[in-house]
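A short worksheet on the structure shown next.
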Amino acid sequence: MQRIAHLLTASTLPVLEARMLLMHVLKKTRVELITQSDYPLSETELATYLDLCQRRERGEPVAYLTGHREFFGLPLKVSADVLIPRPDTELLVELGISHAPPGSNLLDLGTGSGAIAIALARQRPDLQIWATDISAAALSVAKDNALTHACQIEFAESNWFAELPDRQWQTIVSNPPYIERDDPHLEQGDLRFEPIDALTDHADGLTAYRQIIHGATTRLTQGGWLLLEHGYDQAQSVRDLLVSNGFTGVRSWTDIAGIERVSGGTNRI
Ligand code: GLN
């Protein structure tokens, strides 16, 4: 008979991960795992748990194994069709919250799980939020999440602006694929299991910025902000693209690790 306490001490996984997998399999909270630590797992529960442990040992991200990840305090459904939301991205949400004018509209390009759009919708219920993705499978995850969190979001399947109706937005945000084609990180850790097209442009890492920044010159209302998350070493390149496309007030913001993580500007032309 295998009990919770024994499985946690015997696990070869980091205890935090073993705990998350057990919480998922047993549908118990962190507190229940402690107060019910002598709970004996059924044969099916044990088999499911051991299978997840094995998949984790082979590298699958915990978020894909449990189907959930918390972002901006919100539990979100995730699947292998979407990038796992990162804490770094909370900076982009905070900037969206502080830059979008009251009662305005906002567009999130490449929404994936819907993390950014949904966090913004929860914090700023006055905004009309649109969110796109090129992947129908990703959009279906995002729609599920929006429903769970009771958010009114206009979703569109679109390659950046290409399939969107002919209109403008007062704020545009995006966390596009920015990893360079040959970056060895693509072959390491969780990234190996994430949708490759959400991670890299299969080129120099700047393709999405060129397209989004150019498109935003006509899709952003005058004075509206374009806010873009990027890699740790891309701030200068993204600022240069913003300036050369006529954006003003161009600047970058640092994340909690002190790394320039988001750059933006207004199109006050
Ligand atoms: N932040 C992710 C990483 O470096 C990449 C996500 C992206 O390309 N937008 O792991």
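Some notes on this structure:
- For the stretch 148-167, the condition holds for no residue, the condition being that it is under 17 Å from the mean Cα position of the chain (by Cα), within 28 Å of residue 102 (Cβ to Cβ) and within 11 Å of the ligand (Cβ to nearest atom).
Residue-by-condition table, conditions (1) touching a Lys or Arg at 6+ places or on another chain (Cβ under 7 Å); (2) of a type outside the set (Asp, Glu):
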| position | (1), (2) |
| --- | --- |
| 39 | yes, yes |
| 63 | yes, yes |
| 69 | no, yes |
| 73 | no, yes |
| 81 | no, no |
| 97 | yes, yes |
| 109 | no, yes |
| 112 | no, yes |
| 118 | no, yes |
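- In summary, residue 142 fulfils each of the numbered conditions (1) under 18 Å from residue 63 (Cβ atoms); (2) within 11 Å of the ligand (Cβ to nearest atom) with the single exception of condition (2).
- Within the stretch 202-219, residues that are farther than 29 Å from residue 187 by Cα and surrounded by 18 or more Cβ atoms within 10 Å (Cβ to Cβ) have Cβ atoms under 7 Å from residues that are modelled with pLDDT under 95 and not basic (Lys, Arg) in these pairs: 216/267, counting only partners at least 6 apart in sequence or on another chain.
- Residue list for the stretch 212-264, filter: among the charged types (D, E, K, R) and assigned to a helix (DSSP H, G or I): 219, 239, 240
- Of the set (1) within 30 Å of residue 94 (Cα to Cα); (2) not in a helix (DSSP H, G or I), all apply to residue 28 but (1).
- Of everything listed in (1) over 29 Å from the mean Cα position of the chain (by Cα); (2) closer than 30 Å to residue 138 by Cβ, the single unmet condition for residue 49 is (1).
- Tally of residues being aliphatic (A, V, I, L, M), within 16 Å of the ligand (Cβ to nearest atom) and not in a loop (DSSP other than H, G, I, E, B) across the stretch 52-102: 7
The values are calculated or read from the model by the stated rules, or taken from the named source; none is laboratory data. Here the structure is a predicted model, which is why all the values come from computation and not from measurement. A quick note on method: Cβ atoms are made from the backbone with ideal geometry, for glycine too, and the neighbour counts reach across all protein chains shown.
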